[in-house]
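The values are calculated or read from the model by the stated rules, or taken from the named source; none is laboratory data. Computed from a prediction, not measured in an experiment: that's the story for all the values here. Don't worry about glycine lacking a Cβ; one is built from the backbone with ideal geometry, like all the others, and counts go over all protein chains shown. For accessibility, only protein heavy atoms count, side chains too; no ligands or nucleic acids. Shrake-Rupley method; radii C 1.70, N 1.55, O 1.52, S 1.80 Å.
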2 protein chains.
Amino acid sequence: MTTRGGKRTGAGRPQGTNYYGEPTKPVRIPVSKIDRVLRFVREREDAVPIYGHAVPAGFPSPADDYAEGVLDLNTHLVREPTATFFVRARGDSMIGAGIHDGDLLVVDRSLEAINGKVVIVSINGELTVKRFRRSKGRTWLMPENPDYPPIDFQEQDDTHLWGVVTNVVHSL
Amino acid sequence: MTTRGGKRTGAGRPQGTNYYGEPTKPVRIPVSKIDRVLRFVREREDAVPIYGHAVPAGFPSPADDYAEGVLDLNTHLVREPTATFFVRARGDSMIGAGIHDGDLLVVDRSLEAINGKVVIVSINGELTVKRFRRSKGRTWLMPENPDYPPIDFQEQDDTHLWGVVTNVVHSL
DNA sequence: AATTTGAATAATGTTACAATATTCAAAAAA
DNA sequence: TTTTTTGAATATTGTAACATTATTCAAATT
């Protein structure tokens with residue numbers, strides 16, 4: 001039996017050479033979400049590269065460097081998670097604001113409805129999206145389509161202002 | 001020493017009464033992401049409630065039941081994470097397709113550019129968004145704004161088709 | 001009939017461990 | 001001498017195991 005020498009100072013795998021470059025700890029995850037979580041921690045699933053108008057050389061990869069970096073849609077579009085909800089738009093009364101039938105509206109309930117903002121209100125149990133306009137002490141809900149009339153708005157039992165629309169997601 | 005009886009059939013914490021309602025398993029997570037992961041699995045951070053047009057009674061909470069359930073923007077808008085990138089739109093040549101100056105375009109490179117799709121192409125080092133149109137063996141890039149002319153498109157050294165636009169995110 | 005108490009059993013956070021990966025340097029080979 | 005091989009050294013990694021906690025049941029007690 002041959003020996004091949006004794007102490008090797010500095011031998012062995014160096015610390016910090018793991019996949020993430022930082023220590024890990026076991027965390028219990030519900031089985032249905034393990035895949036999703038692993039994709040997030042390992043492949044930065046939610047970090048999608050974003051470009052301006054210069055053309056990158058190869059195909060974009062989040063690992064590369066980009067002028068405008070990467071973007072996570074949830075973080076970008078949902079500033080206040082607990083105060084945010086989505087509404088699907090119906091009709092074309094707000095076509096002038098870039099809101100089309102079927103678009104997904106991101107609504108932030110924590111924002112104040114100030115003059116000129118696009119808001120979601122319920123009137124007689126129906127949700128509607130209009131531009132919020134104050135004038136001479138009165139409040140109007142303005143469509144952005146000449147085929148529709150303005151609505152004289154006053155908060156009552158059957159009306160409620162739900163929040164301010166921050167983004168419109170349109171599918172092609 | 002008093003005894004208080006023997007076998008209790010059915011005693012003990014019932015199976016399935018954990019926080020998630022399903023089994024869990026330990027998964028190693030890099031320490032810097034543990035908070036984010038726990039928020040995701042425990043509070044469904046990325047699950048935002050979505051409504052149709054009926055008005056819910058109280059303020060939406062992901063824990064409640066909703067007619068249309070909840071929605072995670074990343075999952076909803078980014079079907080192929082490794083083939084997706086974002087481009088910020090410039091100009092108003094595609095205003096007819098609901099694409100405004102400054103909008104964020106979600107581009108899927110794994111989709112085939114078929115007739116009628118909105119695509120991202122680079123021409124002379126500039127990215128542009130147009131509708132892809134095939135006619136009589138030729139390919140045209142069509143703007144959706146009468147102020148702009150169609151572009152006769154042929155893939156060459158200085159032109160490249162980058163992908164198909166699946167969604168437009170418009171900020172208000 | 002209501003309350004107390006210990007048994008029964010699952011959930012949960014963390015430790016432990018075996019298997020794997022990576023690096024070093026002595027020994028062997030070229 | 002230079003290159004290759006080989007085992008030692010040590011960190012990583014997935015998961016089993018464990019101790020603690022939480023929850024439920026029903027006998028014993030009030």
Select the strands (runs of 3 or more DSSP E) contained entirely in the stretch A:120-172, then report the ones holding at least 2 residues which are under 29 Å from the mean Cα position of the chain (by Cα). A:126-135, A:138-142, A:159-171
Which residues, counting only those in the stretch A:113-138, are open to solvent by 20 Å² or more (accessible area, probe 1.4 Å) and over 22 Å from B:Val169 (Cα atoms)? A:Ile114, A:Asn115, A:Ile123, A:Asn124, A:Gly125, A:Glu126, A:Arg133, A:Arg134, A:Ser135, A:Lys136, A:Gly137, A:Arg138
Would you pick out the residues in the stretch A:22-36 that are assigned to a loop (DSSP other than H, G, I, E, B) and open to solvent by less than 50 Å² (accessible area, probe 1.4 Å)? A:Glu22
Go over the candidates A:Pro62, A:Pro56 one by one and state the one that is away from DNA strand C (no atom under 16 Å from the Cβ), at pLDDT below 50, outside the structural domain of A:Ser110 (by TED's automatic domain parsing) and more than 21 Å from the chain's Cα centre (by Cα). A:Pro56
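With respect to A:Glu22, determine if the residue is at pLDDT 80 or above and among the acidic types (Asp, Glu).
So A:Glu22 passes the test.
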